[in-house]
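The values are calculated or read from the model by the stated rules, or taken from the named source; none is laboratory data. Not measured: the values here are computed from a predicted model. Every residue, glycine among them, receives a Cβ derived from its backbone with ideal geometry; neighbour counts consider all protein chains shown.
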Amino acid sequence: MSKVGIIMGSTSDLPVMQEAVDILKGFDIEVEVDIVSAHRTPEKLFDYGKNAHERGFKVIIAGAGGAAHLPGMIASLSPLPVIGVPVKSRNSIDGWDSVLSILQMPGGVPVATVALDGAKNAGILAAQIIGAADKCVLDKILVYKEGLKQKVIQGAEEMKKK
């Protein structure tokens, strides 16, 4: 079974990151959630980044606010795909500091970046990465996407009735 690591800089990020947890569990993908602060627990960050692939993870989702170094630092240490979730924190500059900190990675250290507070999309992207090599997960993504399509069609039909 594929496993996704979801990490964040502090517990205050959990309400945002919970959306990634929920969507991945909906695809029956194992999730492990942890707090790994780039600034307050650098030793834990190094251990996590260097060993995540040996622990069975296939993708890492890293959420962070403010200076948001966590996704980039994990990507610098790990051979796994890393998806960064910029989190609008209470000390944020309207979220732009987080977005730019995650988005502006140097060549050779990619971090796929989703929208501000976009943990749900990070979870879907992680599932799609896994689904590229796992037909069972791919089939669930196809069903999910068909459900999105049907929801739009149903909404349009209901609107026309009013």
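Please specify each residue of segment 97-124 satisfying the condition of being touching a helix residue (DSSP H, G or I) at 6+ places or on another chain (Cβ under 7 Å), part of a helix (DSSP H, G or I) and under 27 Å from Gly147 (Cα atoms). Passing the criteria: Ala119, Lys120, Ala122, Gly123, Ile124. Give segment 103-131 a look and list any residue that's surrounded by 10 or more Cβ atoms within 10 Å (Cβ to Cβ) and over 16 Å from Ile61 (Cβ atoms), or say none. Within segment 103-131, Gln104, Val109 qualify. Picking from residues in segment 1-26 that are buried (at least 23 other Cβ atoms within 10 Å of the Cβ) and outside any helix (DSSP H, G or I), the one that is modelled with the lowest pLDDT is Gly9.
Scan segment 66-87 for residues that are crowded, with 18+ Cβ neighbours inside 10 Å, within 17 Å of Ser10 (Cα to Cα) and either among the small types (Gly, Ala, Ser) or without any contact (Cβ under 8 Å) to a residue 40 or more places away in the chain (or both) and the total you get is 7.
Of the candidates Ser2, Ser10, Ser89, the single residue that is over 14 Å from the mean Cα position of the chain (by Cα) and within 23 Å of Ile141 (Cβ to Cβ) is Ser2. The condition of being of a type in the set (A, V, I, L, M, F, W, C) and in contact with a strand residue (DSSP E or B) (Cβ under 8 Å, 6 or more places away or on another chain) does not hold for Val109.
Only one entry in Asp94, Asp47 is without any contact (Cβ under 8 Å) to a residue 24 or more places away in the chain and assigned to a loop (DSSP other than H, G, I, E, B), namely Asp94. Checking segment 46-64 against the condition returns a match, with at least one residue being of a type outside the set (Asp, Glu), on the phi < 0 side of the Ramachandran plot, surrounded by 16 or more Cβ atoms within 10 Å (Cβ to Cβ) and touching a Lys or Arg at 6+ places or on another chain (Cβ under 7 Å).
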